[in-house]
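What follows is a short report on a single structure.
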Amino acid sequence: MLSSPWPTTLLRVSTPPSIPLLVILGPTASGKSSLGLEVAETLGGEIISADAFAVYRGLDIGTDKPTLEERARIPHHLIDVAEPTERFSAGIFAAKADEAIDNIRARGNLPLVVGGTHFYIRALLLGLFPSPPHDPDVRAQLTEAWKRDPASVVRRMQEVDPASAERIGPRDRQRVLRALEVFELTGEPLSSHWNRHDASSRYVSLLTAPRQPRADLYARIDARVELMFASGLVEEVEDILASGVPPDAHALKAIGYREVVGMLRGEIDREEAIDLTKRSSRQLAKRQLTWLRNLSEGTLHWVSAANEGGASEIVALWNRRCNLTGGGR
């Protein structure tokens, strides 16, 4: 274990904490995008996507990106800003989101963050905590262990850092290995570093999420997956691979894409790819709901679904908050 202090690199922290920010969170397929569009139209807003894979060009069907018509209705930011061969991080997202927020406010519009990627939203609202540098030897050992038996590596993370294990998917190799690397270097779980991190928000945020019964949410997920495959997800992946993107690129680790890659390799058939995509999506939703129940970024306001008046509830919450604080755009 390392006992000496380590150098740190932090995100920009000069953003005044008085900047108002409206955020719509929620698990996959919960209707965040529909709420975001309606709220943005009502309040004169622009949407900042907080989705770890919608940033990649060409990944359209599997990430359920807003359509071109929807983007024409409301400006969207941080969609299609990276090539699938690039590695986009929470730190990059926060820096670009900060810039987008400044520009939106300069136009007199309301920044509206919409998405379900926990690490991105946390980095934007709280910044990144000081963390130890990567250790090539430790990372190499963990990588070899993953190659031999990924399940044992995941179990190790669950043993030493159960809090992080609730939030990190078992197939998210990068974050699993990083959590264990931090533990090996410091003797403390990654979640403990987060807990000590200064949790004062860089923005005055109104955090909202659509309420969906678990059974309804899972039904929506299954229906979405069926539609993704029917709409050409397999052909989309074939085009991405044909463009020169390697099958092990980080972008193709996204749910749906990795299953199709396995299908194209002959490891599974189409029905198995669909079933695995549904299962992985439900598991993701479960982790996202765990995050929302234990949200440390602020108080979460649950609202109705988009087709049940949820947008009006968010608008009312926002107007009430502005009246109480004298804030606004």
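The values are calculated or read from the model by the stated rules, or taken from the named source; none is laboratory data. Here the structure is a predicted model, which is why all the values come from computation and not from measurement. Neighbour counts are summed over all protein chains in view; Cβ atoms, including those assigned to glycine, are modelled from backbone coordinates with ideal geometry.
Of the residues GLU83, GLU69, GLU46, which is in the same structural domain as GLU313 (by TED's automatic domain parsing) and either without any contact (Cβ under 8 Å) to a residue 24 or more places away in the chain or among the aromatic types (Phe, Trp, Tyr) (or both)?
Step by step, each of GLU83, GLU69, GLU46 is checked, and only GLU69 is in the same structural domain as GLU313 (by TED's automatic domain parsing) and either without any contact (Cβ under 8 Å) to a residue 24 or more places away in the chain or among the aromatic types (Phe, Trp, Tyr) (or both).
Yes or no: the range 120-128 includes at least one residue that is free of Cβ contacts under 8 Å to residues at least 40 places away in the same chain, out of contact with any strand residue (DSSP E or B) (no Cβ under 9 Å at 6 or more places or on another chain) and assigned by TED's automatic domain parsing to the domain that holds TYR56.
The answer is no, given that none of the residues of the range 120-128 is free of Cβ contacts under 8 Å to residues at least 40 places away in the same chain, out of contact with any strand residue (DSSP E or B) (no Cβ under 9 Å at 6 or more places or on another chain) and assigned by TED's automatic domain parsing to the domain that holds TYR56.
Return a yes/no flag: does the range 217-228 have any residue that is among the basic types (Lys, Arg), at pLDDT 95 or above and within 22 Å of the chain's Cα centre (by Cα).
yes
Out of the residues in the range 103-127 meeting the condition of being part of a helix (DSSP H, G or I) and among the aliphatic types (A, V, I, L, M), tell me which one is surrounded by the fewest Cβ atoms within 10 Å (Cβ to Cβ).
Taking the candidates together, the pick is ALA106.
Taking ARG156 as the residue in question, decide whether it is at negative phi and touching a Leu at 6+ places or on another chain (Cβ under 7 Å).
The answer is yes for ARG156.
Just need a number here: residues in the range 214-233 that are surrounded by 18 or more Cβ atoms within 10 Å (Cβ to Cβ) and of a type in the set (A, V, I, L, M).
5
Of the numbered conditions (1) out of contact with any Pro (no Cβ under 6 Å at 6 or more places or on another chain); (2) at pLDDT below 95, ARG279 fails exactly one; give the number of that condition.
(2)
Just checking, how many residues over the range 25-77 are assigned to a loop (DSSP other than H, G, I, E, B) and among the aromatic types (Phe, Trp, Tyr)?
1
Residue check: is GLU259 under 30 Å from ARG139 (Cβ atoms), assigned by TED's automatic domain parsing to the domain that holds HIS301, surrounded by 17 or more Cβ atoms within 10 Å (Cβ to Cβ) and of a type in the set (Asp, Glu)?
It is true that GLU259 is under 30 Å from ARG139 (Cβ atoms), assigned by TED's automatic domain parsing to the domain that holds HIS301, surrounded by 17 or more Cβ atoms within 10 Å (Cβ to Cβ) and of a type in the set (Asp, Glu).
Give just the number: which of (1) of a type in the set (D, E, K, R); (2) at pLDDT below 90; (3) under 19 Å from ALA90 (Cβ atoms) does ASP161 not satisfy?
(2)
With the requirement that a residue be farther than 15 Å from VAL113 by Cβ and buried (at least 16 other Cβ atoms within 10 Å of the Cβ), what does the range 38-56 give you?
Within the range 38-56, GLU38, PHE53, TYR56 qualify.
Applying the selection to the range 147-172, what residues are crowded, with 16+ Cβ neighbours inside 10 Å and not in a helix (DSSP H, G or I)?
The answer is ASP161, ILE168, GLY169, PRO170, ASP172.
When PRO133 is evaluated against the numbered criteria (1) modelled with pLDDT of 95 or more; (2) outside any helix (DSSP H, G or I), which criterion, by number, is the only one it fails?
Only one criterion in (1) modelled with pLDDT of 95 or more; (2) outside any helix (DSSP H, G or I) is unmet by PRO133, namely (1).
How many residues, within the range 253-282, are under 14 Å from the mean Cα position of the chain (by Cα) and either assigned to a helix (DSSP H, G or I) or of a type in the set (Ser, Thr, Tyr) (or both)?
Counting residues in the range 253-282 that are under 14 Å from the mean Cα position of the chain (by Cα) and either assigned to a helix (DSSP H, G or I) or of a type in the set (Ser, Thr, Tyr) (or both) gives 2.
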